[in-house]
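The values are calculated or read from the model by the stated rules, or taken from the named source; none is laboratory data. Nothing here was measured: the structure is a model prediction, and the numbers come from that model. For neighbour counting, all protein chains shown are included, and Cβ atoms are generated from backbone atoms with ideal geometry for every residue, glycine included.
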Amino acid sequence: MAKLKKESSCVICKSRDFWLVILVLVYGFYSGLFDDLFNFYSINEQGFSNAARIEIDYGTKRRAFEGDVLSDMSMLDALLAASRGGSFEVRYALLNDNTDIMKINDLSEDGLNGKSWHFYLNGGEIRADEIHKVKIKSGDKILVEFK
């Protein structure tokens, strides 16, 4: 009887289908194929991601960041969060309830080159001096362009 049990447990280990399933699982976890399936922290109560995306176009290169949206988060807050995560500098001032973006990653509005920072939320342009007032939500796409 003991011999019969030993043989039946080895039959599973010798099965080609068993090893194929193991291979698919290992590959799936290693490659990130199952990331969305097991990513409990980025899904809110309604089943949607809490993330927003911000893309910064420097004119010669682009960088994109994605992160969770906190309550009452503004476009300026998202830009500052991206700067901390992406290791670039944002210099700004809030004067008379207006945002003045002085510099983002060594690009500044100096009046000589005629270029300035432009902000877009889901394709619609937002005045640069208003970005600290405009609140974002999950799924929003922010574009910051130096043109």
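Condition check ((1) at pLDDT 90 or above; (2) under 21 Å from H132 (Cα atoms); (3) part of a strand (DSSP E or B)) across all residues:
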| position | (1), (2), (3) |
| --- | --- |
| Y30 | no, no, no |
| D36 | no, no, no |
| Y41 | no, no, no |
| E45 | no, no, no |
| A52 | yes, yes, yes |
| I56 | yes, yes, yes |
| G85 | no, yes, no |
| D110 | no, no, no |
How many residues does region 66-77 hold that are over 13 Å from N50 (Cα atoms) and crowded, with 18+ Cβ neighbours inside 10 Å?
-> 2
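What are the residues in region 58-78 that are assigned to a loop (DSSP other than H, G, I, E, B) and closer than 16 Å to N105 by Cα, if any? Explain how you work it out, then say what you get.
The first filter runs over region 58-78 and keeps only residues assigned to a loop (DSSP other than H, G, I, E, B), leaving 58-61, 69-73.
Correct list: Y58, G59, T60, K61.
Surrounded by 13 or more Cβ atoms within 10 Å (Cβ to Cβ) and part of a loop (DSSP other than H, G, I, E, B) - does that describe any residue in region 123-130? Break it down into steps so the answer makes sense when it comes.
Just the residues of region 123-130 that are surrounded by 13 or more Cβ atoms within 10 Å (Cβ to Cβ), to begin with: 126, 128-130.
Keeping just the survivors that are part of a loop (DSSP other than H, G, I, E, B) gives none.
Looking through region 123-130, none of the residues is surrounded by 13 or more Cβ atoms within 10 Å (Cβ to Cβ) and part of a loop (DSSP other than H, G, I, E, B).
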